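Let me begin by presenting the structure, written as structure tokens, before commenting on it.
The values are calculated or read from the model by the stated rules, or taken from the named source; none is laboratory data. Computed from a predicted structure; not experimentally measured. With ideal geometry, Cβ positions are generated from the backbone for all residues, glycine too; neighbour counts draw on all protein chains shown. Heads up: the accessible areas ignore ligands, DNA and RNA and are worked out on the full protein's heavy atoms, side chains in. Shrake-Rupley method; radii C 1.70, N 1.55, O 1.52, S 1.80 Å.
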Amino acid sequence: MATRNTRSSQLKNRVSQGNNSFQTNLLSWKVKEKSGNLKRILKESNSMENSTQAEDDLQIAVGYFQKGPKKASLNKDRILEKHLKTVENVAWKNGLAPEAIDILLNVALSGKFGNAVNTRILKCMIPETLISEDSVVKAVSWLCVGKCSGNTKVLFYRWLVAMFDFIDHKKQITLLYGFFFASLQDDALCPYVCHLLYLLTKKENVKPFRVRKLLDLQVKMGMQPHLQALLSLYKFFAPSLISVSLPARRKIYFNNSKNLWASAVIAVKLRNQGAFPEPLKLISGPTKGCSLKRKWSSHSVIPAPNSANIECGGKKSLSDFLSNERSLPLEQLQSFPQLLQNIHCLELPSQMISVLNSSLLLHYINCVRDESILLRLYYWLNQTLQEECIWYNINNYEQEKEFTNFLDIVIRVQCFLQEGFYSCEAFLYKSLPLWDGFSCRSQFLQLLSWIPFSSFSEVKPLFFDHLAPLFFTSTIYFKCSVLQSLKELLQNWLLWLSMDAQEQWVTNSPQETTLGGSMNSVFQLIDYVGWLSMIAIRLENNSTLLLHFILDFYEKVCDIYINYDLPLLVLFSPVIFHSALLSLDASILNQLCYIIYRYRNNLTAAKKDNFLKKEKSDFNLSSKICQEFNYYLTVMVHCLWMSTPFEKGVYIDPQKLENTEVTEYKNSLNLVHHPSLLSYAVCFLLQESPEERTVDLSSIRGKKWNQYLDYLFSEGFKGLKLFIKSSIHRFSIS
């Protein structure tokens, strides 16, 4: 009894020295469980009697392992086998409390029992809620003693990586970075230690001696994925320290399919959390835990942001926390002004995935620019989307709805942060060859619009070569949706390049890729969309709806030089131009006029900059672009204004002229007789002479021509007005 009291007093002293320590004495655990945690530990039991019996059996089993013999035989000791099965049953059914995990980790790594027993104990280390950071630190200390075997060490590191997001804090574990790095010497441990270091690494951890050590290991072991992962991360934080070439595209360096605990953790989460039927919205304050109680294979749970800093002994007000030199728990964070006041002492959640539901924490991520936060988020998304989620096997409406809710959350976070996730990109290029074009269509296309910028030659075989067959064989509505997503993708790429170019200019730091190379990727994307558009126009017989989406895309393209300050000018193809010019819809003609007007402004600005800013050598205005634009401009002026279209040997597809349903096209495509404007001309004449039964379109000339133009402008033809004002100088707008 004296020994127990001594141990209890020692543990109490240790708890009083740290903010987040747990009492691991078995007696204190029993008292705590009887005081109100029984329901939390065994809430899935069928009856109170069974719950009490299971709790008693677990406590007896844990007590046995804590004080059991130093050596035991699994085959001969029936009592040992009974207690092992008790721990395994409770762990795999409901998870273990932090106190039980603390005790059993010490047992497994202290060498009290044989390798077979230690292995079984580690395999059932499944948390019910969280894992104490102190428990992990104590467990790591046992690795220094050398009491456990190599296989036990490997299993422990695998467990530590799998449960990383369940550890309540990471501060003390981060201080052990040097110890973990030294463990890279062990060939068996190296892949799992690299994985752990990948999750822990921050900029301050990147040192020249560590870079040299990793390079030496790579020479010794070859181009191993886990070493490439850590080197890539080091190069991201300190590019000047690593001169060796590494894969440009981020990939999945670690295989999580061998995660022994994944299914058990998922099952425990689903039992301990409640499901939500509708997509979650970003919230600013703390909420109750919500889960995606899905039937698809990932079963990922997004918990509420929480912190372990609030002590169980009593409630504290916000002023109590602010008066002390300590981190602000997330439970106390309620508003954006409060975030601004305490941004220097905010404590991030132990489970980084919980930031997906909190707009305040997303604001914080945007402000602090800590890359390690995003790396932890990428890691979780990688595991969830790529290895656990076979979403294209969805076979009923309920499962699809639940999964689309999850994707909606990820998409909203990307929009909120204005940044595409590499883990979502990898998920897309693995899933696209198997996608039917129907399941989760909206979510899939939105994810497509957030693909991070990279070389188009690398992106094309992964995404666009698989997208084209679906595009051509699907309905017009799918084609329009794809064009809208590609327009948003172009916009995101342009914004990223524009901001990156400005940052490089301010910091005078060298770019990893030249601006010319980046512009070539953007040009290839535009060229790809132009190719899709030309074929789609033929397939859909010049559909007005399709032309709207095509011209929407080129509205973004025509303003690249001025709006984004990027040296690129790309024109649409003659097929798109003639289809829009001869369209039967007036809004298409108006949209075309606006695009030609914006092209003219961008070309003028580019020519002026070429003369005045000789240092802008990345951009040479091609004479071919000027010739193509002059052709388009001349055709439009001759067609709409001078009633002399398609002269000087210009050839146009007769089918397009036939579609306009006019016989004398040379005099029937001006602003009065154009098929898309004919109804406006008739309405204009009827306004002047309502009593007339017939109208004479040839009467619209001279002064009445100017009045007719004013009528068109009043009807909302802004693009036509800007085009005429900028391109037809003999006309003055009153």
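Using 0.36 nm per residue of separation minus the Cα-Cα distance, give me the extension gain between Glu540 and Ser643 in nm, one decimal.
34.2 nm
Apply the a/c threshold of 1.5 to the C-alpha gyration tensor of segment 87-159 and tell me whether it is rounded, prolate or oblate.
Note, shape of segment 87-159 comes out oblate.
Let a ≥ b ≥ c be the square roots of the eigenvalues of the Cα gyration tensor of segment 672-734; is it rounded (a/c under 1.5), or, if not, prolate (a/b larger than b/c) or oblate?
prolate
For segment 119-245, build the charge dipole from Cβ charges (+1 Lys, Arg; -1 Asp, Glu) around the Cα centre, then report which of Ser141, Val244, Pro127 sits farthest towards its positive end.
Val244
Run the quick spin-label model on Lys430 and Ser240: label points 7 Å from Cα toward the beta carbon, then report their separation in nm to one decimal.
3.7 nm
How far apart, in nm, are the 7 Å Cα→Cβ label points at Val682 and Asp186?
The two pseudo-label positions are separated by 8.7 nm.
Assign unit charges at the C-beta atoms only (+1 for Lys and Arg, -1 for Asp and Glu), then state the dipole size of segment 112-153 relative to its Cα centre in Debye, rounded to the nearest 20.
About 280 debye.
Tally up the carbon and sulfur contribution to the accessible surface of segment 401-458 as a whole percent, 1.4 Å probe, everything protein left in place.
For segment 401-458, the apolar C and S fraction of the accessible surface comes to 53 percent.
Once R0 is set to 51 Å, what does the formula 1/(1 + (r/R0)^6) return for the Cβ-Cβ distance between Cys345 and Gln707, expressed as a FRET efficiency to the nearest 0.05?
That gives a FRET efficiency of 0.15.
Give me the accessible area per residue for segment 114-174, probe 1.4 Å, as a whole number in Å².
On a per-residue basis, 31 Å².
Kirkwood hydrodynamic radius of segment 158-248 from all distinct Cα pairs, in Å?
Mean inverse Cα-Cα distance, inverted, gives 13.5 Å.
Over 19 Å between C-alpha atoms is what I'm after, so list which of Lys703/Lys725; Lys82/Lys112; Lys93/Lys123; Lys401/Lys460; Lys67/Lys170; Lys112/Lys153 land there.
As for pairs spanning more than 19 Å Cα to Cα, those are Lys401/Lys460; Lys67/Lys170.
When ranked by the protection proxy of mean other Cβ atoms within 10 Å per residue, highest first, what sequence do the peptides 621-627, 135-141, 102-108, 337-343 form?
Per-residue Cβ counts within 10 Å, averaged per peptide and sorted highest first, yield 102-108, 135-141, 337-343, 621-627.
Sort the following peptides by mean Cβ neighbour count (other Cβ atoms within 10 Å, averaged over residues), highest first: 77-89, 226-238, 155-167.
My ranking of the peptides, most packed first, is 155-167, 226-238, 77-89.
Subtract the Cα-Cα distance of Arg693 and Ser622 from 0.36 nm times their separation in residues, and report this length gain in nm to one decimal.
20.1 nm
Stretch Ala468-Cys144 to full length: gain in nm at 0.36 nm per residue minus the Cα-Cα span?
Length gained, Ala468 through Cys144: 111.0 nm.
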